[in-house]
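Only one structure is covered here, and it is reproduced in the block below.
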Amino acid sequence: MKNVARLFTQFQSSEYDVTFDINEEAMRFSGTVTVRGKKVGRPAQRITLHQNGLKITSGKIIKHDKHGDTELPLKRINLQNTFNEVRLHTDTMVYPGEYTLELGFEAPITTGMTGIYPCFFKDGSTDKQLIMTQFESHYAREAFPCIDEPEAKAIFNLSLITRTGVEVLGNTPVKSRENLGERLKTSFEPTPRMSSYLLAFVFGEMHKKSTTTNRGTEVNVWATVAQPAEALDFPLEVATQTIEFFEDYFGVDYPLPKADHVACPDFSAGAMENWGLITYRERTLLVYPQETPQSAREYIASVIAHETSHQWFGNLVTMRWWDDLWINESFANMMEYQAIDALHPEWHMVDQFIAGEGLSALRRDATAGVQAVRTSVHHPDEIATLFDPSIVYAKGGRLLFMLKSYIGDEAFRAGLKNYFLKHQYGNTTGADLWEALSMASGKDIASFMDPWLNRSGFPLVTITQNGNEIELSQEHFLDNPAKADTERRWDVPLFSAQLPEVLSKKSTKLSVKPSEPIVVNSGAKGHYLVRYASDEHRSAVIDLVRSAKLPEPDRLMLLNGASMQSKAGYEPYGHVLEMLDAYSNETGEPVWDIMSLVIGEARRFVSLDETLDASIKPFVSKLVAAQVARLGWEPKPGETSADTKLRALVLSLSAYAEDKTTINKATELFAAYQKDASTVPAELRFLAFLVPIKNGDDTAFDYLLKLHDSTQNGDLISDACDALTTTRQPEKALQLLDRIKNPSVVKPQDADRWLVYLLRNRYTRDVTWDWFVKNWQWFEDTFKNDKSYDILPRYAASCVNTPDYIQKYHALFDDKLDQVLLKRNIQLGFEEIEARVKWLQRDLGSVQEFFRHASRG
Ligand SMILES: [Zn+2]
């Protein structure tokens, strides 16, 4: 495919004055932009900027040289919409040198959540809106003509003309406010030199809480006036602490005088790191003291840390081009856990990093044809497909964590500090980062990391132990081993006290005298799986699980590894279920996440044999019994946050297993919630909602719908959605589905959540799939410009368990492969569902056999 033309190679903008006049009544905006910069490269009769969907109302090119300023006569202004360009054609040659461009422009304000867009909220019974921006990755061009490429760093002088009576926020502090009759003109201090995708503004009726960091940076958390002030306290504390943490960790001060964090009612991604003006979904920023569960608090803290780390990684130093997006996202992904782990060690964030991101990365990366962390970009629309959370975020984060563990924290930090000092306000590629880390560690980081980053996939390391003789080998691991690359090889850090530091060869033999069972990849620091080939060795490692002598990350990765290897055909799934026995006294919450995932996998077999359901339930009931007894229903004073979360998890499993006591207790809890919501622990609220819905209680269904439609609490909205979508009544599912298309009851940002939960629910899957097919065009029309549009084939693939659903998947997506935004995920979906259905068919017998034994006890 042809590469995207880089306008930066022709014109290098250095400073913008941009003024927007926002007319909310007409839902239009107009503006003027003055761009100062340098014409470079070959002389031409035109200068080209990016634009998308703008009407250009005027244009001017002014040349600056020793003769002074000369306006070049403009022949015509030409919009090239397929390339997202506006071309200013002149009669004379434009030679390299200094120029100023002046353009006028206007466009409608659309609701697609990119460029300049409105957010809707209810203040009491009054409908209100904020106007805000989302410019990453390439949506600044929807707002004003500019060189919209990360390398085109410039200073932005922003002014906004808005209605009066609103708060107006930009990247930098306000420089001046001017009343123009009914209108308000707000001008902001110049931004630092930065990329266009980081420019932002938000205005509307908002309130804030403020504080300062120990170095005096002003930190503000904002929400609409419909949100309670106390919901701002927790994020304010975390936002302040994370700036202080990163200043210390990176050894470089936060570069702006203020940091605003804004909760926005309509937001496509989770959050966006605009420099000095970070925007979030309400659910990823606001914490309601009595109502927000511990799990949500931890998630919110990690999102704040993620965006704050970008103020350095991404904003201060930026990738040269989108193919190095991983530098931004991988780092932010790893650092969000590191930062919160430092602030709240009791939350065990690093174990959660391994259980969450580590597994997501491994599982996605085992699909044939998946993209590498570093991926080239050929078409503007492809930029948006890069943001695969499992690869660019999770796998990239895991690889950096592996690297940090390999060279040590001290060298890692020293390298980062040098990297920031050398490249601040500039752009880099991965090579610049490796150079800084190589200098600090004395190791050749590029040759170690490039094979991990530039290619998809990861190795399976097999260790075969025969007395003192050890054989180690590596092979490319895939869900579908037939597609694996048999030549592929990595430098694999073994993280084992008894083995060499790195396995570089395809296989090697050595002789050791192990005093205890050899554990490879201890701490689960590496992005790979381990296979203990001899039965004796494997049993010895499993015994370490049974006696809790293995640390939490190792326990969870052992079970995950067994499950993944089974799906690839290394051993029948019945063996994985047998392994659960070693985990019967498990108390670690991240480990239970994997156990629950294995149970979920076992439940997929029900699509092939409905009778299995009756055997899986008592098995699960028995498995959770010890933890249900230990944790009970009442939070204990001073208990760990892991126990608080584990209680909710094991009780939901117990509810799935239809344990009578659990069902009764949850039903009582729901009644209590309706009388006085504050009597129900936030972490158990979802369980209280879920049980009556599963039981077909119509009054509860209506109650939760009403609750969903009337609250402003994003977390409560999600809990209601998650519970309602567990309905077993297809006609109720249809009722919920029809609401998706009504933005006054379901926000477009939440549409996919309702859809995917109803698809994954086996009682509502068929009607939901049919509805999805019938309403595809609505999704396309509503989301086709959105970064998250490509999640739809991924969600659809996740619920395919049978050959007839493979057919349905093809029927829906085969003719959509020509959509650049969807192509990658549709194709991965083909691979994923083929591999899964083959596995389910292959291992059905083994799973049936396992449960026959299990039910005999
Ligand atoms: Zn990010």
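The values are calculated or read from the model by the stated rules, or taken from the named source; none is laboratory data. Nothing here was measured: the structure is a model prediction, and the numbers come from that model. With ideal geometry, Cβ positions are generated from the backbone for all residues, glycine too; neighbour counts draw on all protein chains shown. Quick note on the areas: whole protein, heavy atoms, side chains included, nothing else; ligands and nucleic acids left out. Shrake-Rupley method; radii C 1.70, N 1.55, O 1.52, S 1.80 Å.
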Practice task
Give the Debye-formula value of log10 I(q)/I(0) at each listed q (0.14, 0.18 Å⁻¹), with one equal scatterer per alpha carbon of the stretch 304-374, two decimals each.
Solution key: -0.51, -0.79
Exercise for the section: Principal axes first, then extents: for the Cα atoms of the chain, list largest minus smallest coordinate on each axis, whole Å, largest first. Expected result: 93, 66, 56
Problem - Stretch gain in nm, segment Glu178-Lys422, where the contour uses 0.36 nm per residue and the Cα spacing is subtracted - result: 83.9 nm
Fill in the blank from the handout: Percent antiparallel among DSSP beta bridges confined to the chain, nearest 5, equals 80 percent
Exercise for the section: Let me have the 222 nm mean residue ellipticity of the chain computed from DSSP H runs of 4+ only, each contributing -39500 (n - 2.57), with the sum over all residues rounded to the nearest 500. Expected result: -13000 deg cm²/dmol
Problem - Sites Thr111 and Asp814 - FRET efficiency at Förster radius 35 Å, r taken between beta-carbons, to 0.05 - result: 0.70
Fill in the blank from the handout: For Ser13, the residues 5 or more places away or on another chain with a placed amide H closer than 5 Å to its own amide H are Lys38
Handout entry: Solvent-accessible surface (1.4 angstrom probe) belonging to Arg193, in square angstrom, nearest 10
Key = 110 Å²
Practice task
Using 0.36 nm per residue of separation minus the Cα-Cα distance, give me the extension gain between Arg630 and Trp778 in nm, one decimal.
Solution key: 48.4 nm
Practice task
Taking amide H positions as placed in the peptide plane 1.01 Å from N, state which residues far from Cys264 in sequence (5 or more) or on other chains have amide H under 5 Å from it.
Solution key: Tyr280, Arg281, Glu282
Fill in the blank from the handout: Restricting to aspartates and glutamates and to Cα separations under 12 Å from Lys395, and discarding same-chain partners fewer than 8 apart, the set is Glu329, Glu357, Asp365
Fill in the blank from the handout: The simple spin-label model distance between Asp613 and Ser405, using points 7 Å out along Cα→Cβ, in nm, is 4.0 nm
Handout entry: Accessible heavy-atom area order of Glu106, Glu469, highest first, probe of 1.4 Å
Key = Glu469, Glu106
Handout entry: the chain, accessible surface, carbon-and-sulfur percent (1.4 angstrom probe)
Key = 49 percent
Exercise for the section: Take the alpha carbon gyration tensor of the stretch 150-287, find the square roots of its eigenvalues, order them as a ≥ b ≥ c, and report rounded if a/c is under 1.5; if not, report prolate when a/b exceeds b/c, else oblate. Expected result: oblate
Fill in the blank from the handout: For Trp633, the accessible surface traced by a 1.4 Å probe with all protein chains present amounts, in square angstrom to the nearest 10, to 40 Å²
Fill in the blank from the handout: The ratio Rg/Rh over the Cα atoms of the stretch 452-550, Rh being the Kirkwood inverse mean 1/r radius, stands at 0.96
Handout entry: Under 12 Å from Lys443, Cα to Cα: aspartates and glutamates that are on another chain or at least 8 residues apart
Key = Glu435
Handout entry: Amide N proximity, the stretch 451-465 versus Lys506 label position 7 Å along Cα-to-Cβ, cut-off under 18 Å
Key = 458-464
Problem - Stretch gain in nm, segment Glu71-Gln848, where the contour uses 0.36 nm per residue and the Cα spacing is subtracted - result: 271.6 nm
Practice task
Just check the stretch 545-653 against the gyration tensor rule for me: Cα atoms, a ≥ b ≥ c as the square roots of the eigenvalues, rounded for a/c under 1.5, and otherwise prolate or oblate depending on whether a/b exceeds b/c.
Solution key: oblate
Practice task
With a ≥ b ≥ c taken as the square roots of the eigenvalues of the C-alpha gyration tensor of the stretch 363-402, please select rounded if a/c is under 1.5 and otherwise prolate if a/b is larger than b/c or oblate if it is not?
Solution key: prolate
Handout entry: Label zone at Thr802, where the point sits 7 Å out along the Cα-to-Cβ direction: the stretch 607-621 residues whose backbone N lies under 15 Å
Key = 607-613
Fill in the blank from the handout: Expected vector for the stretch 592-602, Karplus 3J(HN,Hα) from phi with 6.51, -1.76, 1.60 and θ = phi - 60°, integer Hz, x for Gly and Pro, equals 5, 4, 6, 4, 5, 5, 5, 4, x, 5, 4
Practice task
Using the structure shown, list the pairs from Lys774/Lys808; Lys808/Lys838; Lys39/Lys258; Lys567/Lys816; Lys208/Lys422 with a Cα-Cα distance above 24 Å, or answer none.
Solution key: Lys39/Lys258; Lys567/Lys816; Lys208/Lys422
Problem - In order through the stretch 110-118: 3J(HN,Hα) via Karplus (6.51 cos²θ - 1.76 cosθ + 1.60), integer Hz, x for Gly, Pro - result: 10, 9, x, 6, 10, x, 9, 8, x
Exercise for the section: Check the straight Cα-Cα distances from Lys505 and name the aspartates and glutamates below 13 Å, setting aside those fewer than 8 residues away within the same chain. Expected result: Glu471, Glu475, Glu487, Asp491
Fill in the blank from the handout: Site Glu516, offset 7 angstrom along Cα→Cβ, radius 12 Å on amide nitrogen, limited to the stretch 541-581, gives 541, 544-545, 547-551
Handout entry: Residues whose placed amide H lies under 5 Å from that of Thr57, excluding near-sequence neighbours
Key = Gly104, Phe105, Glu106
Problem - Lysine-lysine proximity count for the stretch 64-190, Cα under 29 Å, sequence distance 8 or more or distinct chains - result: 9
